[in-house]
Amino acid sequence: KGEQSIRQTVQVEFVITKFGTIGEVTVVNPKEVHPALAKEAIRIIKEGYGWIPATFIGQKIDGLARQPITFMRSY
């Protein structure tokens, strides 16, 4: 209330499978952000494409990634 702008950053952790698809997605800081923003951040990650899987000794493997997503609104 009384703020001129709002800014929250959702920390999303997710698995990029060896096939380049998204596996499990979780919000690392759910108590620090509005639930609607956490839900939107998960949707953004799940609908993303073009993920490149990790490799180990030349073989594609499942990998864990963390991505901050910042939501801002000015009044």
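The values are calculated or read from the model by the stated rules, or taken from the named source; none is laboratory data. Remember, predicted model here, so these are calculated numbers, not experimental data. Note that each Cβ is placed from the backbone with ideal geometry, even for glycine, and that neighbours are counted across all protein chains shown. In case anyone asks, the SASA skips ligands and DNA or RNA and just uses the protein heavy atoms, side chains included. Shrake-Rupley method; radii C 1.70, N 1.55, O 1.52, S 1.80 Å.
Say each of Ser74 and Ile6 gets a label point 7 Å from the Cα, pointing the same way as Cα to Cβ; how far apart are those two points in nm?
About 1.7 nm, to one decimal.
Could you compute the net charge surrounding Thr21? Neighbours are other residues with a C-beta less than 15 Å from the C-beta of Thr21; K and R count +1, D and E count -1.
Working: positive: Lys18, Lys46, Lys60; negative: Glu24, Glu47, Asp62.
It works out to a net charge of 0.
At 37 °C and 0.692 mPa s, what whole-number value in µm²/s does Stokes-Einstein give for the translational diffusion of the chain, with Rh from the Kirkwood sum over Cα pairs?
Details: Rh = 13.6 Å.
It diffuses with D of about 242 µm²/s by this estimate.
Could you tally up the Lys pairs in the chain with alpha carbons closer than 30 Å? Skip any pair fewer than 8 positions apart unless they're on separate chains.
9
In whole percent, how big is the carbon plus sulfur part of the accessible area of the chain, probe 1.4 Å, protein atoms only? All intermediate terms of the calculation are to be shown ahead of the outcome.
On the way: 3170 of 5810 Å².
Its accessible area is 55 percent carbon and sulfur atoms.
Just the number please: accessible area per residue for the chain, 1.4 Å probe, all protein chains included, in Å².
Value for the chain: 77 Å² per residue.
With Cβ to Cβ distances under 11 Å as the rule, what net charge do the other residues near Ile42 carry (K, R +1; D, E -1)?
Numbers: positive: Lys39, Arg43, Lys46; negative: Glu13, Glu24, Glu40, Glu47.
Cβ neighbours under 11 Å give a net charge of -1.
Helix-only mean residue ellipticity at 222 nm, the chain, DSSP H runs n ≥ 4 weighted -39,500 (n - 2.57), per residue, nearest 500. What is it? Mind dumping the intermediate values first?
Numbers: 1 runs with 13 residues, N = 75.
Computed ellipticity for the chain at 222 nm equals -5500 deg cm²/dmol.
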